[in-house]
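These notes concern the structure reproduced below.
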Amino acid sequence: MATSTSGPVPAPAPDPIAALTAPGSRFELAEEDVLGVRMRVLVNRPRSLAEFVRKSAHFGEREYVVHDDGTRWTYAAHARAVASVARALRERYGVGPGDRVAILAANRPEWLVTFWATVSLGAVAVGMNGWWAGDEIRYGLADCTPKVLVADRRRLERLPEPPVPVVEMETGFADLVGYAPDADLPTGPGDEDAPALILYTSGTTGRPKGAVLTHRNVIAMQNVQALLAARALAHVPEDRRPASPPPGRWLVNGPFFHVSGLLAGAVAALADGHTMVLYSGRFDVPSVLATI
């Protein structure tokens, strides 16, 4: 009968989650009532997505978005643009809390500025599927009834005689960015359970359905990503662990009308000061590497 000659099996390393979520920590947990249900929540969480934008302005001249067309947006410039576009949406198009603003475009900086401006107002950003045909776009607009559609030219070509007011990104968006250059950032809806975002399902069993996400939903997803990153870092030996991890530079290839590109990409990047690299058209290795 074979016998083991090895020593005792070492105990597994303790999971750092308990320390990371302890009282006084960044990820401290407490119980609260959420829509009538008692559950554990993060104590130190933002209460609206508008708080993300205000915090991100402190990253200053660090780049938030780099596009392969040569466009570069710093965090400071992005925050100023969000404030101005939010003011324009409110004063020109009557956008207020709970109203919808539809976004229909390829991944580009204007998409993000519109998203952050909308949710900072307490309105609801609608990420419309950029691959939809004309009839599908009309269906989506009828379903979400937006105050305004912000879209790029290529997708607007599929929508002759649009049924709602339109801002074309290539020709009209710069006017929104310059509308109120000294505007203050909005403070958000004041209710973390207010709707913030509508993303449409693929519609494999029928018509696409708009899935509504609240500020709490989106913030919780970002906080989970941050907690998992902190957990992974805690397993690194202290003498090899950076005191302050440097900001990342992320290639984002998931579309912003999907959770992969928007929440795991754009929202997570802004929350922690990373840089997103975007490209247009089909994936081309030489051009993408040059952009990075």
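Only the coordinates and a few stated rules stand behind these numbers; no lab work does. All figures in this text were calculated on a predicted structure; none of them were measured in a lab. With ideal geometry, Cβ positions are generated from the backbone for all residues, glycine too; neighbour counts draw on all protein chains shown.
Rounded, prolate or oblate: which fits region 67-204 when a ≥ b ≥ c are the square roots of the eigenvalues of the alpha-carbon gyration tensor, with rounded for a/c under 1.5 and prolate only if a/b beats b/c? Before the final figure, lay out each step's value.
Numbers: a/c = 1.66, a/b = 1.24, b/c = 1.34.
It comes out oblate by the Cα gyration axes.
Indicate the gyration tensor shape class of region 133-180 (rounded, prolate or oblate), computed on the Cα atoms with a ≥ b ≥ c the square roots of the eigenvalues: a/c under 1.5 is rounded; otherwise a/b larger than b/c is prolate and the rest oblate.
Details: a/c = 3.12, a/b = 1.66, b/c = 1.88.
It is oblate, given that a/c is not under 1.5 and a/b is not larger than b/c.
Which value in nm describes the separation of the simple spin-label points at Arg92 and Thr204, placed 7 Å from the Cα toward the beta carbon?
4.0
Is the shape of region 201-292 best called rounded, prolate or oblate, per the rule: a/c under 1.5 gives rounded, else a/b larger than b/c gives prolate, else oblate, with a ≥ b ≥ c the square roots of the Cα gyration tensor eigenvalues?
Numbers: a/c = 2.74, a/b = 1.32, b/c = 2.08.
Cα axes put region 201-292 in the oblate bin.
Based on the Kirkwood radius over alpha-carbon pairs, what is the Stokes-Einstein translational diffusion coefficient of the chain at 25 °C with 0.890 mPa s viscosity, in µm²/s?
On the way: Rh = 20.7 Å.
D = 119 µm²/s.
Most exposed first by the Cβ proxy, i.e. fewest other Cβ within 10 Å, how do Met128, Met221 rank?
Values: Met128 27, Met221 16.
If I rank by nearby Cβ atoms, fewest first, I get Met221, Met128.
Considering only the chain, what is the antiparallel percent among its DSSP beta bridges, to the nearest 5?
Working: 14 of 34 bridges.
Around 40 percent antiparallel, to the nearest 5.
By count of other Cβ within 10 Å, fewest leading, how are Asp284, Asp135 ordered? Mind dumping the intermediate values first?
On the way: Asp284 13, Asp135 10.
The fewest-first ordering by Cβ neighbours comes to Asp135, Asp284.
Can you show me the helix-derived [θ] at 222 nm for the chain, built from DSSP H runs with n ≥ 4 at -39,500 (n - 2.57) apiece and divided by the number of residues, rounded to the nearest 500. All intermediate terms of the calculation are to be shown ahead of the outcome.
Working: 10 runs with 99 residues, N = 292.
Here the helix-only value at 222 nm equals -10000 deg cm²/dmol.
For the charge dipole of the chain, defined by +1 on Lys and Arg C-beta atoms and -1 on Asp and Glu C-beta atoms about the Cα centroid, which residue among Leu112, His274, Pro242 has the Cα displaced farthest towards the positive pole?
Looking along the dipole axis, the top candidate is Pro242.
How far apart, in nm, are two points set 7 Å out from the Cα along the Cα-to-Cβ line at Glu157 and at Asn44?
In this crude label model, Glu157 to Asn44 measures out at 5.0 nm.
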